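Asks: Below you will find the structure I want to go over with you.
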Amino acid sequence: MKTKDLAIQAMIATVYVAVSLAFQPLSFGAVQVRFAELTLLLLLINNKHATGIILGCFITNLFSPLGMADVIFGTLATALTCFLMAKTENDVLKLLWPAIINGVIVGAELTILFGGVPFLFNLATVFAGEIIAVFIPGMLFKTNIRNNKALQQYFN
């Protein structure tokens with residue numbers, strides 16, 4: 001990895017952590033909209049940015065009130081999301097992966113940790129949060145992201 005690439009991945013991770021912690025009440029728990037997940041839109045430019053996103057998620061989850069379960073399962077969900085987004089050509093499905101994967105994995109985690117809360121409720125709330133944080137902005141701005149020469153130059 002070149003020095004520039006390493007610096008960019010560190011910047012992405014830093015932004016992920018800063019945004020997550022700035023909106024901490026919304027970043028963790030049964031009802032969540034983790035706005036830092038917007039960084040996933042960088043995968044529309046180059047899949048190598050998964051490194052910074054996964055690292056940012058890992059560091060963020062170290063601050064989670066849910067403890068090591070969130071570090072393990074939340075980071076696993078983000079890693080799997082990045083992998084599937086990188087392998088998917090269809091933009092709708094690509095932008096749905098965060099909602100699907102986090103809905104299932106984090107939804108299951110929350111069900112186990114919160115005991116009486118049904119899985120389908122947790123799945124639905126996490127899914128909805130990802131739709132708000134990633135899918136809607138992604139569908140609205142994907143063309144602009146891909147066609148922006150400054151973004152392409154810096155993040156490609």
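Asks: Could you compute how much accessible surface Leu80 exposes when probed at 1.4 Å, giving the result in Å² to the nearest 10?
Replies: 70 Å²
Asks: State the label only: which of (1) 49, 30, 25; (2) 48, 34, 33; (3) 52, 31, 28 corresponds to Cα extents along the principal axes in Å computed from the shown model?
Replies: Checked against the structure: label (1).
Asks: Starting at the first residue of the stretch 91-102, write each ³J(HN,Hα) from the Karplus equation 6.51 cos²θ - 1.76 cosθ + 1.60 with θ = phi - 60°, in whole Hz, x for Gly and Pro.
Replies: Rounded to whole hertz, the list is 5, 5, 5, 4, 7, 8, 3, x, 5, 5, 5, 5.
Asks: Something else: At a probe radius of 1.4 Å, what is the per-residue accessible area of Phe23, in Å² to the nearest 10?
Replies: Here the residue's solvent-accessible area equals roughly 90 Å².
Asks: Which residue fluctuates the most in the chain, going by a Gaussian network model with Cα springs under 10 Å, if the choices are Thr14, Thr143, Thr75?
Replies: Per the Cα network of the chain with a 10 Å cutoff, Thr143 tops the list.
Asks: Sticking with this structure for a sec: Residue by residue through the stretch 47-63, which ³J(HN,Hα) values in whole Hz follow from phi under the Karplus form 6.51 cos²θ - 1.76 cosθ + 1.60 (θ = phi - 60°), with glycine and proline marked x?
Replies: In residue order, the calculated couplings are 5, 5, 6, 4, 4, x, 5, 5, 4, x, 5, 4, 5, 4, 5, 5, 8 Hz.
Asks: OK, next. Express the carbon and sulfur contribution to the solvent-accessible surface of the stretch 17-156 as a percent, rounded to the nearest whole number, probe 1.4 angstrom.
Replies: 74 percent
Asks: Based on Cβ point charges of +1 for Lys and Arg and -1 for Asp and Glu, what charge dipole magnitude is obtained for the stretch 78-146 about its Cα centre, in debye rounded to the nearest 20?
Replies: Working: 4 positive and 4 negative charges, 39 e Å.
That gives the stretch 78-146 a dipole magnitude of about 180 debye.
Asks: Heavy atoms only, 1.4 Å probe, whole protein assembly: order Ile59, Ile131 by accessible area, highest first. If you can, show how the numbers build up before the last one.
Replies: Details: Ile59 60, Ile131 35 Å².
Ranked from most to least accessible, the order is Ile59, Ile131.
Asks: Right, something else. I'd like the distance between the alpha-carbon centres of the stretch 78-125 and the stretch 1-37, rounded to an integer number of Å.
Replies: After rounding, the separation between the Cα centres reads 17 Å.
Asks: Modelling each spin label as a point 7 Å along the Cα-to-Cβ direction, I'd like the Leu6/Lys48 distance in nm, to one decimal.
Replies: The answer from the label model is 1.4 nm.
Asks: With only Lys, Arg, Asp and Glu charged, each at its Cβ (+1 for the first two, -1 for the last two), find how big the charge dipole of the chain is about the Cα centre; round to the nearest 20 debye.
Replies: Numbers: 9 positive and 7 negative charges, 107 e Å.
Roughly 520 debye, rounded to the nearest 20.
The values are calculated or read from the model by the stated rules, or taken from the named source; none is laboratory data. Because the structure is predicted, anything quoted here is derived from the model rather than measured. Heads up, the Cβs are rebuilt from the backbone with ideal geometry, glycines too, and the neighbour counts pull from every protein chain shown. These accessible areas exclude ligands, DNA and RNA; they are computed on the full protein's heavy atoms, side chains included. Shrake-Rupley method; radii C 1.70, N 1.55, O 1.52, S 1.80 Å.
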